Amino acid sequence: MDLPGPIHDFFLVFLGLGLILGSLGVILFPNPIYSAFSLGFVLFCISLFYILANSHFVAAAQLLIYVGAVNVLILFAVMFMNGSEYYKDFNLSAVGNGITSLICTSILISLITTILDTSWYGIIWATRSNQILEQDLISNSQQIGVHLATDFFLPFELISIILLVGLIGAIALAHQ
């Protein structure tokens, strides 16, 4: 979307706050169904970020694949679980929670350090100049395919493996 600067900044801040609140809901809600709905809200906010970045194809794919398919599958897996059995064994003082908190905190610190150390100004101008040159050669959806098959092949495959592990974990929880 080509919006004026202050309006674009307002939408960025608004979507950023929605993204932060939704991700906190995924983590903090004790009911897994509410967490799954918060995950759907987070994925929807991400698709709105893509719309603000003029990537309408990626936004539509985000809505169809992640919100429409993956999140619905997670909701079905969570709803197959018996709620009373889930809350019986819920213990906050487990050893795994301390290890998980340590890992998550270290990932958060490394992300914050990376964000603060990155020169975003150079990345924005390099991206804009590359987009102007490449738009003459191929269309937007072809550009996405080329980047997914070349530059972003490894992250794309890693995300698919992470999603597969999450779905297998949801199925394993549903069978218990």
Once phi for every residue in region 75-81 is put through the Karplus expression 6.51 cos²θ - 1.76 cosθ + 1.60 (θ = phi - 60°), the whole-Hz ³J(HN,Hα) values, with Gly and Pro written as x, are 4, 4, 5, 5, 6, 6, 6
Return the carbon/sulfur percentage of the accessible area of region 1-83, one whole number, probe 1.4 Å, all protein chains in place. 81
For region 49-66, Karplus couplings with θ = phi - 60° (6.51, -1.76, 1.60), whole Hz, Gly/Pro x: 4, 5, 5, 5, 8, 6, 10, 5, 5, 5, 5, 5, 5, 4, 5, 5, 7, 7
Accessible surface, region 1-86, averaged per residue in Å² (probe 1.4 Å): 62
Sequence order, region 148-165: Karplus ³J(HN,Hα) from phi using 6.51 cos²θ - 1.76 cosθ + 1.60, θ = phi - 60°, Hz rounded, Gly and Pro as x, gives 5, 7, 10, 5, 10, 5, 5, x, 5, 5, 5, 5, 5, 5, 4, 5, 5, 5
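The values are calculated or read from the model by the stated rules, or taken from the named source; none is laboratory data. All values derive from a computational prediction rather than experimental measurement. Only protein heavy atoms, including side chains, enter the accessible area calculation; ligands, DNA and RNA are left aside. Shrake-Rupley method; radii C 1.70, N 1.55, O 1.52, S 1.80 Å.
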